[in-house]
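Coordinate-derived values only; no laboratory data. Predicted, not measured: the structure shown is a model, and the values here were computed from it. We place every Cβ from the backbone using ideal geometry, glycine too, and count neighbours over all the protein chains shown.
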Amino acid sequence: MKTYKIAWLPGDGIGPEVTEEARKAVDAAGARHGFKVEWARYPFGATHYGRTGETLPDSALSEMALCDAMLLGAVGAPSIKPGILERGILLKLRFHFDQYVNLRPARSYEGVPCPIGGRVNSIVVRENTEDFYMGVGATAESGNIDAPFEAERGLYKVSGRLSAAFSSGCAAAAQVGVLTRPGVERVTRYAFKLAEERGEKEVTLASKANAVPILYGFLDEETRRVAGEFPGVSLKIQNVDALCYHLVRNPANYGVILCPNLFGDIVSDLLSGLTGGLGLGAGGNIGDKLSMFEPVHGSAPDIAGTGKANPLAAVLCAAMMLNHLGESEGARSVERALESYLAEGGAKKPVELGGSALCAEVGDAVVKKIG
Ligand code: NAD
Ligand code: IPM
Ligand code: MN
């Protein structure tokens, strides 16, 4: 029997609760469609960091590299300074495995109305390695920023020095956005190929060249050039502020939305909200090495441990992961089970969607339908 090895990093807050349900769905799909999954669980997150001071050791990266895919809950906790776990674990994984696309489908389901009407069937193709996530920056108490930087990506290594002097000597911080031609090219090709597969005639690029013309002017130019390779699909460049406005008023007008890293982060949560909740937003961090599946949402410390977490985003991640592994029938079984569960509606819906079903009850209801 085909056996897959999956790295499982539940993480913090609701991460362990929701990925447990995703794991159950994968195992149920395996039992039905004739494959097995071996789960390699990793403890990284706030508790492990508090105990050991370690975020994500390189030895774990080498082990994970031997896995077929990875399932991640979420990392980050109110007790830990923002950025330590997020950059030290999540972004480290994305960069190390050069997962250059963060693919985030957002669609409406029967039984879950869009909070403001209309239907959503979009997919965010978020560049996942560059932009303001590059990690180039520094703070200075004295008004003199002078900091060396180094970053390594699959495509290149970059090093240099960030230097600026403020005449008033005021405390200051600077963080630089970086885009490269090969970085823009590969994610743009991915977005256009995806539009072709979805039978769509247009890709929308979320940009902001009017205010940030150097960085996003470059983005527009490079994207336009690559778009020329796809005569059947046109490129619409839209300022991200206007895009958000139009998305809220007319979500059905959008299919593939190509975004630089930071805008993609924001637009993803907006779209999840439009589908009914963050608990429906699945995502995959896709690259040519290890790909990693994680919900759009975070560790939701405000509801962790209450059972109110909606695990369906994680369950949809499981379906995306199965597709990625080539188990498309297993993926379809999971999706169909989830669709049928949501369509039934009523009190059996997750708390987030107005019902009273707790996290494990939602997971069990879906698993039962996978059969
Ligand atoms: P969040 O996504 O965790 O929560 C935002 C709001 O949505 C909260 O009110 C939360 O209760 C609700 N929510 C989120 N997921 C839900 C679900 N499945 N079911 C029901 N309600 C849900 O965003 P935040 O509050 O900005 O971040 C909390 C922590 O998570 C921070 O430390 C942040 O850095 C981290 N984070 C991690 C990831 C990740 O690891 N992938 C992603 C985003 C945020
Ligand atoms: C996400 C998260 C992360 C991001 C954070 C936790 C670093 O918000 O995956 O959407 O900004 O990419
Ligand atoms: Mn986010």
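What the table below lists for this structure:
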{"quantity": "C-alpha long axis of helix 261-275 to longest principal axis of the chain, angle in °", "calculated": "30"}
{"quantity": "Extension gain from R198 to R32, taking 0.36 nm per residue of separation minus the Cα-Cα distance", "calculated": "57.0 nm"}
{"quantity": "Cα-derived Rg over Rh, computed across region 255-371 with Rh taken as Kirkwood radius", "calculated": "0.97"}
{"quantity": "Which listed pairs, of K24/K92; K81/K289; K36/K368; K201/K236, have C-alpha distances above 20 Å, in listed order", "calculated": "K24/K92; K81/K289"}
{"quantity": "Charge dipole (the chain, unit charges on Cβ, about Cα centre) - positive-most of F95, M1, F192", "calculated": "M1"}
{"quantity": "Debye-sum result for region 226-283 in log10 I(q)/I(0), which assumes one identical scatterer on each alpha carbon, at q = 0.19 Å⁻¹", "calculated": "-0.76"}
{"quantity": "Signed unit charges on C-beta, dipole axis of the chain, positive-most listed residue V136, Y216, P115", "calculated": "P115"}
{"quantity": "Kirkwood-Stokes translational diffusion coefficient of the chain, alpha-carbon pairs, 37 °C, 0.692 mPa s, µm²/s", "calculated": "153"}
{"quantity": "Gyration tensor (Cα) of region 177-271, equivalent ellipsoid semi-axes in angstrom", "calculated": "18, 18, 11"}
{"quantity": "C-alpha long axis of helix 15-33 to longest principal axis of the chain, angle in °", "calculated": "50"}
{"quantity": "Nearest-ten-degree value, helix 328-344 long axis tilted from longest Cα axis of the chain", "calculated": "80"}
{"quantity": "Where only alpha carbons of region 3-90 are counted, the Rg and the Dmax (Å)", "calculated": "13.9, 44"}
{"quantity": "Overall form of region 33-143 per C-alpha gyration tensor (a/c, 1.5; a/b vs b/c)", "calculated": "oblate"}
{"quantity": "Relative packing of peptides 123-132, 266-275, 212-221 - highest average C-beta neighbours within 10 Å first", "calculated": "123-132, 266-275, 212-221"}
{"quantity": "Projected area, mean over directions - region 134-226, Cα convex hull, nm²", "calculated": "7.5"}
{"quantity": "Kirkwood-based shape ratio for region 198-324, expressed as Rg/Rh from alpha carbons", "calculated": "1.01"}
{"quantity": "Least to most buried among W39, W8 (fewest other Cβ within 10 Å first)", "calculated": "W39, W8"}
{"quantity": "Debye, to nearest 20: dipole size of the chain, +1 on Lys, Arg Cβ, -1 on Asp, Glu Cβ", "calculated": "500"}
{"quantity": "Per-q log10 I(q)/I(0), region 275-324, q = 0.15, 0.20, 0.21, 0.24 Å⁻¹ (Debye; single scatterer per alpha-carbon; no solvent)", "calculated": "-0.42, -0.67, -0.72, -0.86"}
{"quantity": "Peptides 176-182, 147-153 ordered by average Cβ neighbours within 10 Å, highest first", "calculated": "176-182, 147-153"}
